[in-house]
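Below is one structure, written out as structure tokens; comments come after it.
Please treat every number below as a calculation from the coordinates, not as lab data. Note that the coordinates shown come from a computational prediction; the quantities given were computed from them, not determined experimentally. For neighbour counting, all protein chains shown are included, and Cβ atoms are generated from backbone atoms with ideal geometry for every residue, glycine included.
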Amino acid sequence: MSHSDTLLRVDKISISFGGLAVLTDVNLKVDEGELVGLIGPNGAGKSTLFNVISSIYKPDTGDVFLKGKKITGIAPHKLCRMGISRTYQLVKTFNKMTALENVMVGAIYGHKHGGSDAKTRAIDAMSLVGIEDKQNILVSHLTLSDRRLVEVARSLASSPLVTLLDEPMAGLNVSEIKTLLTVIKRAREERKISILWVEHKVDAIFRTCDRVAVLNYGAKIADGKPEEIAKDSKVIEAYLGESLTRN
Amino acid sequence: MNSLSTGKYLPNPRIPVLFSAAVLAAALLPLIMDPFTTISATNVFIYIVITLSWALFSGPTQYISIATAAFFGIGIYTSALAGELMPFPLVVCLGGVVSFVLALLVGLSTLRLKGMYFTIFTFGLSELIRHFVLWWEVVMTGTVGRWVVSVDPIPVYYTMLVILVVTISFCFFIGRSRYGLALRSIGQSEEAADHMGINITAVKINVFAITAFFAGATGSTMATRWTYIDPSIAFNPLFSFMPVLMAIFGGIGSITGQIIGAAVLTLLADLLLTEFPYYYMLIYGIILVVVILFLPGGIVGLWDSMKKRRRTETNENT
């Protein structure tokens, strides 16, 4: 039942908090080298799905598979060594450490082979995202956009199979968004990693992703190529229906 | 191991030389100075060790533990119980090991707590141990205090010197190793540290237990100088609070700062106690309040900002 090139598979995930069903029977897969966008209105359950995949929450039913191996509820630090890294919507960098030290954490601990050549991997990841000149700056002195890049570099330094990006564009201005988009594309081309990308800014997703999945009220309502999704009536209703009534 | 240039722990080539010179000087001290100085120096060593061991864990992780008294006291009681059974160095090691094991158990049960809850729990725990030992002594052994086999000041001095050297070296190397990096990551974002592959529970519990080893070994050593102990002496909460104050006073982020803080405050307390026995606590308290209000980075922070100011001044002049 597992496809040979399916890397990450989310199988019939349901989770509820105090009687409120946040996710119901969500299926999702990310193939090797694929860039998948996950969109949906506020409260659709995008972040919850992310937190299930990264083992912050354990789903009530359903399982998560990495390369066909069940990884539901496995400790987060093991998950990272198996090849799932992530970034956060509200940036979680180690602010009293330098940018290089931040990335070193990913290189040393996030990788199966640990310390050997960690520094090389850290610096490689930093040049990939274009912050190699900021190595010795304390992260608390960096801009939000640079902190995001530190987070992405930290995650890349762990040599992941798949990276989960949780709203990386939130709070960035137009030129910073452009930079980050180039970084995402470059990371994908050079590292051949898969990316699952949650985003509020729908246009960025449509322009960049291979495939887009849409969540609404905790259920997946569409999954397909960006151009199909843009025409999908349910998606338009979920997004535009909302804004029409508001106007 | 990859060396990380952190700026905080400068890989300065002078450090090993200075450190060896200081250890040599300390080793010669009892030969040239009077007994009072030796005892006073032993006292300074105790506080440096418990301050360093407290700050090794609580500094970077920001898990503020006030359980040092428990580990120190366990060392003291180990000394009281085992002092007649085995030679002195073995007693010291045993005190460390018993504290280590206790801290491992405490760690397993408490290190899932965060922030204030962890702090309060560690305080409650040391009080619980104190009252438990008191209860045990009164009900089971029918006494309150115990005699400890006495050891001369000179062997005690050298034992403390060895513990001190081991503690300083350990803190120095941990701080610069991957474990130091992990500890600091945990302090700044536990969730991110976890997701970046750090086994946060294992790191926290192991380091917490190792720091308890040093406190326990110190307790075992010191008990031999006090000869009489009871639960309120052995588990005096002051031993939990002093390392926190001393580390803040000196500068919580640097080993040098912690050593200076512990040494200065210990000597100050000795001086005040002998010169102004009635106002000792009052003066001591005022000094602490002033330091915490005006020197948030401790003595080392003051030094750094003075250096920075001088540098900007010279830059303006040129």
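The table below gives the values:
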| quantity | calculated |
| --- | --- |
| Between segment B:258-318 and segment A:41-77, the alpha-carbon center distance in angstrom | 50 |
| Contact order normalised by residue count of segment B:14-317, Cα under 8 Å, 6+ apart, percent | 31 |
| Exercise: per-residue mean of other protein chain Cβ atoms within 10 Å, A:78-84 | 2 |
| Paramagnetic reach from residue A:231 (point 7 Å along Cα→Cβ, amide N under 18 Å) across segment A:6-46 | none |
| Per-residue mean of C-beta atoms belonging to partner chains within 10 Å, peptide A:101-108 | 6 |
| Rounded to 5, percent antiparallel among DSSP beta bridges of the protein assembly as shown | 60 |
| Dipole magnitude of the protein assembly as shown about its Cα centre (Cβ charges: Lys, Arg +1; Asp, Glu -1), debye to nearest 20 | 800 |
| Dipole in debye (nearest 20) - segment B:14-317, about Cα centre, beta carbon charges: Lys, Arg +1; Asp, Glu -1 | 780 |
| Charge-dipole axis of the protein assembly as shown as Lys and Arg at +1 and Asp and Glu at -1 on Cβ define it, positive-most pick from A:71, B:269, B:156 | A:71 |
| Whether the protein assembly as shown is rounded, prolate or oblate, judged on the alpha carbon gyration tensor where a/c under 1.5 counts as rounded | prolate |
| Summed side-chain charge close to residue A:194 - residues other than residue A:194 whose Cβ falls under 12 Å, Lys, Arg +1, Asp, Glu -1 | +2 |
| MRE, 222 nm, helices only [DSSP H, n ≥ 4, -39500 (n - 2.57), over the protein assembly as shown, to nearest 500] | -19500 deg cm²/dmol |
| Top positive-direction residue, dipole computed over the protein assembly as shown with Cβ charges, set A:156, A:140, B:105 | A:156 |
| Simple spin-label estimate for residue A:186 and residue B:191 in nanometres, 7 Å along Cα-Cβ | 2.9 |
| Helix runs (DSSP H) in chain B reaching 24 Å along axis by Cα, Kyte-Doolittle at least 0.5 | B:14-32, B:35-61, B:88-110, B:115-136, B:153-176, B:200-226, B:255-275 |
| Within segment A:86-108: backbone nitrogen closer than 12 Å to the residue A:137 label point (7 Å, Cα to C-beta) | A:99-100 |
| Global form of segment B:205-251, assessed from the alpha-carbon gyration tensor, a/c cut-off 1.5 | oblate |
| Using alpha-carbon coordinates, inclination of helix A:99-109 to the longest axis of chain A, degrees | 80 |
| Global geometry of segment B:14-317, whether rounded, prolate or oblate, following the gyration tensor of its Cα atoms and the 1.5 cut on a/c | oblate |
| Length gained when the stretch residue B:162-residue B:256 is fully extended (0.36 nm per residue, less Cα-Cα span) | 32.0 nm |
| FRET efficiency for residue B:101 and residue A:175, using Cβ-Cβ distance with R0 set to 60 Å, rounded to 0.05 | 0.55 |
| Folded to 0 to 90 degrees: helix A:144-157 orientation relative to chain A principal axis, Cα | 80 |
| Computed over chain A: relative contact order in percent, which uses C-alpha pairs under 8 Å that are six or more apart | 25 |
| Partner lysines for residue A:231 [C-alpha distance under 29 Å; skip if fewer than 8 residues away on the same chain] | A:12, A:29, A:46, A:178, A:185, A:201, A:220 |
| Rounded to 10°, Cα long-axis angle of helix A:174-191 versus longest principal axis of chain A | 80 |
| Ranked packing of A:101-107, B:60-66, most packed first, by mean Cβ within 10 Å | A:101-107, B:60-66 |
| Residue with peak Gaussian network fluctuation, chain B [Cα springs, cutoff 10 Å], from B:199, B:43, B:12 | B:12 |
